[in-house]
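Asker: Quick one: structure below, then a few questions.
The values are calculated or read from the model by the stated rules, or taken from the named source; none is laboratory data. Just so we're clear, the structure is a prediction, and the values are computed from it rather than from any experiment. Cβ coordinates were reconstructed from backbone atoms using ideal geometry, including for glycine residues, and neighbour counts include every protein chain displayed. Remember, those area values only see protein heavy atoms, side chains included, never the ligands or the DNA or RNA. Shrake-Rupley method; radii C 1.70, N 1.55, O 1.52, S 1.80 Å.
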Amino acid sequence: MNTGADGRRDGRKGAGVTRRECLAALGAAGTVGSLAGCTEANDIVDSPEVFGYQFPYDSETTHVGPWSTSDPVGFYPLIYEARSYTAPPQDRQLGDVVESVETEGSTATVTYAEGFTWWSGDPVTARDTWVQEEIQSHVSSQSGPSVELVDEYTLRYEFERPLDRPLVLSEVASGAVRTPVAFYEPWLDRIRDAGTDERESTVIENLRTDSPGLETLADEGLGNGPYELTEVSINRLMLERYDDHPRAADVSIPRLWLPVVQEVSIENLIKKGWLDGGSGMLGNERGSPAANLEQIARYRTTSGVKLVVDWRNDHLARRGVRRAILATIPVDDVAEVTNWGEPTERQTGLAAPAGRQWLPASVRESLHRYPVEADVERAAEHMRAAGYTRDENDMWRDSDGRRARLNIGTPVWSDYVSAGTMVESSLSRFGFDVSIDRIPNTRIYYEVSNHTYDLTLWDFDGRPHRAYDVTSDGATSIGYGVSDPAVETSSQGKPVEVSVPETPGDVDAPESDRRTVNLVDTWRTIEGPTDRAATVEAVSTFATWWNDALPDIYLNTEVTGLWGNTRDFAWPSYETDSEYGTAGPGGNPVFHMLKRGTIDSSTGE
């Protein structure tokens, strides 16, 4: 950060208010937009040893916790110790607070490391996580593994069946340790003592609204990360190095400043150069970033956006119609307009990095590439092959004379609205009878989880252990919700027994060159502790079917990155940009790097 009279380390004059003076004013009164006259610096922030990062929430109403209705996912990973983190291409590695995870059959034993403490001084133990698991068993209707507290540093999980290690780790070592016994065990006691389902529900609802606020979190020392929350105001948060943390000696930057950006745009702070780092692409921000900010890394993720397809719509149950929809949509333009990343050519259910990790090159290169440019003539061929004809109004009708009606749902978020508009207009011009709803935030998760719409714009998790999980009914996966291989279809009308081309990519193969595969059985191979060769074969089978059938339609693989202040801070030098993608819960690489001390002041102090 800047140290000169106007925020320049070289002491030369510049225009405008100094950054440090403005930071000082932020802690006292007013918003960023009212700082035009501030002139007095402040020792707390007037130092090159302070790193600025956005806090995009209301500091007075934010409550932190797994069940909080205002849980700040863009903040809490900074103040808690991660149980694990992912490194490209999304391999999960244990965090320092977890000493080991051992599996034997359907049992997983998790041992927590000694030496970590909450800011209050209480030790971090397995009991903290056990309390979270116990409360969650009352909050959620979904069944999970049983959890036993073996001793103060050991938990034992018992699953219904043996699972592959990636799935075990995602169950027992994901997220962060963030439920201190001192705060949450009384809540567990209240839930257990409720006596009736109605009273229990009341206690849980109270927990959602009475999770610790930021001031409570700071005053009672309810965090455990290497940065301790020391100040909370309406305009800023301040964090300082927690000297009793096991990695305290590795933390390079002693203080963090988080301006509350509720009343000023993040773009404005980036333009002024007041933020020192962030995730994403600078090119996606409106306006011109300050000269001291540079795009440091760019990398693909294993997520993106797709059209969730509900096969209960008779039209969408036909493969030719699904192919026509894909051919009609300008996937390349959607990705460009929304800044969502790279358009999807190989429809496999896997994001591009996961495809490279799990599919043999011979399979990957053989899979069919769907053009990302709109091709209405090709789309019309698919419709005619599926038995559709155009009526006098150029609308498509099936062999029974029914119009091809589609109801699309999209979140109200601006990029999704832009994508939804492009999809709706493309399909309407082509001859589908289309309606579209912009789903408000208050209803989005209900509508998505209940599969209300024929086509829904939604995120996907493009890893095989997530995308192909037919037992999950979540829209980020294939969304089947089926665990019995004898079931014929999912609740969304998608088949369990499917036809798979013998040759990957042969999407026009006749039935004689196809085989029948049960997707539940295939998933059991993927989720189970089989050898890698068997897992790769099952993943390849699933990808080959998806490439042919298009159960859902992927639009893009997300491309994101990391940007930062390269004038005032020294960033680590890696061989490849993808190594900057390593992150804990929340997927924020800047937090991960700050907490591990790999970002340093360029002054070398």
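Asker: Looking at Ser137, Ser170, can you tell me which residue is open to solvent by 10 Å² or more (accessible area, probe 1.4 Å), out of contact with any Gly (no Cβ under 6 Å at 6 or more places or on another chain) and without any contact (Cβ under 8 Å) to a residue 60 or more places away in the chain?
Answerer: Details: Ser170 fails: without any contact (Cβ under 8 Å) to a residue 60 or more places away in the chain.
Answer to the check: Ser137.
Asker: Oh, and also: Look through segment 118-134, keep the residues that are polar (S, T, N, Q) and open to solvent by 30 Å² or more (accessible area, probe 1.4 Å), and return whichever of them is nearest to Ser68 (Cα to Cα).
Answerer: The initial filter retains those residues of segment 118-134 that are polar (S, T, N, Q), namely 120, 125, 129, 132.
Checking the rest, the ones that are also open to solvent by 30 Å² or more (accessible area, probe 1.4 Å) come to 120, 132.
Numbers: Ser120: 21, Gln132: 13 Å.
Filtering segment 118-134 for residues that are polar (S, T, N, Q) and open to solvent by 30 Å² or more (accessible area, probe 1.4 Å), the one nearest to Ser68 (Cα to Cα) comes out as Gln132.
Asker: Just wondering, is there one or more residues in segment 570-579 that are over 30 Å from Ala297 (Cα atoms) and assigned to a helix (DSSP H, G or I)?
Answerer: Within segment 570-579, the subset over 30 Å from Ala297 (Cα atoms) is none.
No: zero hits.
Asker: Among the residues of segment 413-430, count how many are part of a helix (DSSP H, G or I), more than 19 Å from Asp394 (Cβ to Cβ) and either open to solvent by 10 Å² or more (accessible area, probe 1.4 Å) or in contact with a Cys (Cβ under 7 Å, 6 or more places away or on another chain) (or both).
Answerer: 7
Asker: Ok, one more. Six or more apart or on different chains, Cβ under 9 Å: which pairs go from a residue in segment 488-509 that's under 19 Å from Asp521 (Cα atoms) and among the charged types (D, E, K, R) to one that's assigned to a loop (DSSP other than H, G, I, E, B) and open to solvent by 60 Å² or more (accessible area, probe 1.4 Å)? Could you list them?
Answerer: Short answer, once both residue conditions are applied: Glu497/Glu488.
Asker: Could you name every one of the strands (runs of 3 or more DSSP E) located completely within segment 431-540 that has at least 2 residues being under 26 Å from the mean Cα position of the chain (by Cα)?
Answerer: Details: elements: 433-439, 455-461, 497-501, 514-518.
Once the strands (runs of 3 or more DSSP E) in segment 431-540 are filtered for at least 2 residues that are under 26 Å from the mean Cα position of the chain (by Cα), what remains is 433-439, 455-461.
Asker: Of all residues in segment 289-330, how many are in contact with a strand residue (DSSP E or B) (Cβ under 8 Å, 6 or more places away or on another chain), under 26 Å from Ser418 (Cβ atoms) and not hydrophobic (A, V, I, L, M, F, W, C)?
Answerer: Adding up the residues that qualify gives 14.
Asker: Please go through (1) at pLDDT below 90; (2) open to solvent by 20 Å² or more (accessible area, probe 1.4 Å) for Gly479 and return the number of the only condition it doesn't satisfy.
Answerer: The number of the failed condition is (2).
Asker: Consider Ser426 carefully, then state whether it is without any contact (Cβ under 8 Å) to a residue 24 or more places away in the chain and either among the hydrophobic types (A, V, I, L, M, F, W, C) or within 20 Å of Arg318 (Cβ to Cβ) (or both).
Answerer: Values: without any contact (Cβ under 8 Å) to a residue 24 or more places away in the chain: no; either among the hydrophobic types (A, V, I, L, M, F, W, C) or within 20 Å of Arg318 (Cβ to Cβ) (or both): yes.
No, not satisfied.
Asker: Can you spot a residue in segment 112-129 that is under 23 Å from Asp473 (Cβ atoms) and in a helix (DSSP H, G or I)? Spell out how you get there, then give the answer.
Answerer: Residues of segment 112-129 under 23 Å from Asp473 (Cβ atoms): none.
No; the residues of segment 112-129 include none that is under 23 Å from Asp473 (Cβ atoms) and in a helix (DSSP H, G or I).
Table: residues versus (1) buried (at least 20 other Cβ atoms within 10 Å of the Cβ); (2) at pLDDT 95 or above; (3) in contact with a helix residue (DSSP H, G or I) (Cβ under 6 Å, 6 or more places away or on another chain).
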| residue | (1), (2), (3) |
| --- | --- |
| Pro226 | yes, yes, yes |
| Ala248 | no, yes, no |
| Trp274 | yes, no, yes |
| Val305 | yes, yes, no |
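Asker: Among the candidates Glu365, Glu381, single out the residue that is farther than 29 Å from Asp469 by Cβ, more than 27 Å from the chain's Cα centre (by Cα) and surrounded by fewer than 22 Cβ atoms within 10 Å (Cβ to Cβ). Spell out the reasoning first.
Answerer: Details: Glu365 fails: farther than 29 Å from Asp469 by Cβ.
Criteria check complete, one pass: Glu381.
Asker: Taking segment 527-544, which residues are loosely packed, with under 15 Cβ neighbours inside 10 Å and touching a Ser or Thr at 6+ places or on another chain (Cβ under 9 Å)? Don't jump to the end; show me each part of the working.
Answerer: Pass one, segment 527-544, residues loosely packed, with under 15 Cβ neighbours inside 10 Å: 531-534.
Selection gives Ala534 alone.
Asker: Only helices (runs of 4 or more DSSP H) wholly contained in segment 139-252 count here; list those with 3 or more residues that are in contact with a Pro (Cβ under 6 Å, 6 or more places away or on another chain). Even if it seems obvious, please write down each step before you answer.
Answerer: Values: elements: 165-172, 181-192, 197-210, 214-219.
Helices (runs of 4 or more DSSP H) meeting the threshold: none at all.
Asker: How many of the residues making up segment 195-217 are free of Cβ contacts under 8 Å to residues at least 24 places away in the same chain and either farther than 20 Å from Ala176 by Cβ or of a type outside the set (Val, Ile, Thr) (or both)? Before you say what the answer is, go through the steps one by one.
Answerer: Quick first cut of segment 195-217, residues free of Cβ contacts under 8 Å to residues at least 24 places away in the same chain only: 195-199, 201-203, 205-206, 215-216.
Now drop any that are not either farther than 20 Å from Ala176 by Cβ or of a type outside the set (Val, Ile, Thr) (or both), which leaves 195-199, 201-203, 205-206, 215.
Number of matching residues: 11.
Asker: Please find, within segment 82-91, the residue that is modelled with the highest pLDDT out of those that are out of contact with any Gly (no Cβ under 6 Å at 6 or more places or on another chain) and buried (at least 18 other Cβ atoms within 10 Å of the Cβ). If you could, list the steps in order and put the result at the bottom.
Answerer: Filtering segment 82-91 for residues out of contact with any Gly (no Cβ under 6 Å at 6 or more places or on another chain) gives 86-87, 89-91.
So of that shortlist, the ones also buried (at least 18 other Cβ atoms within 10 Å of the Cβ) come out as 86, 89-90.
Numbers: Thr86: 86, Pro89: 63, Gln90: 63.
Looking at residues that are out of contact with any Gly (no Cβ under 6 Å at 6 or more places or on another chain) and buried (at least 18 other Cβ atoms within 10 Å of the Cβ), I get Thr86.
Asker: Give me a count of the residues in segment 308-362 that are open to solvent by 30 Å² or more (accessible area, probe 1.4 Å) and closer than 30 Å to Asp400 by Cβ.
Answerer: The qualifying residues number 5.
Asker: Just one of (1) charged (D, E, K, R); (2) without any contact (Cβ under 8 Å) to a residue 40 or more places away in the chain; (3) crowded, with 21+ Cβ neighbours inside 10 Å trips up Glu104, so point out which.
Answerer: Answer for Glu104: the failing condition is (3).
Asker: OK, next. Assess whether Arg178 counts as being surrounded by 17 or more Cβ atoms within 10 Å (Cβ to Cβ), of a type outside the set (Ser, Thr, Tyr) and modelled with pLDDT under 95. Quick ask: steps written out before the conclusion?
Answerer: Values: surrounded by 17 or more Cβ atoms within 10 Å (Cβ to Cβ): yes; of a type outside the set (Ser, Thr, Tyr): yes; modelled with pLDDT under 95: no.
No.
Asker: Something else about it: Can you go through Val168, Val172, Val124, Val139 and tell me which one is under 24 Å from Ala218 (Cα atoms) and hydrophobic (A, V, I, L, M, F, W, C)?
Answerer: Details: Val168 fails: under 24 Å from Ala218 (Cα atoms); Val172 fails: under 24 Å from Ala218 (Cα atoms); Val139 fails: under 24 Å from Ala218 (Cα atoms).
On inspection, the qualifying residue turns out to be Val124.
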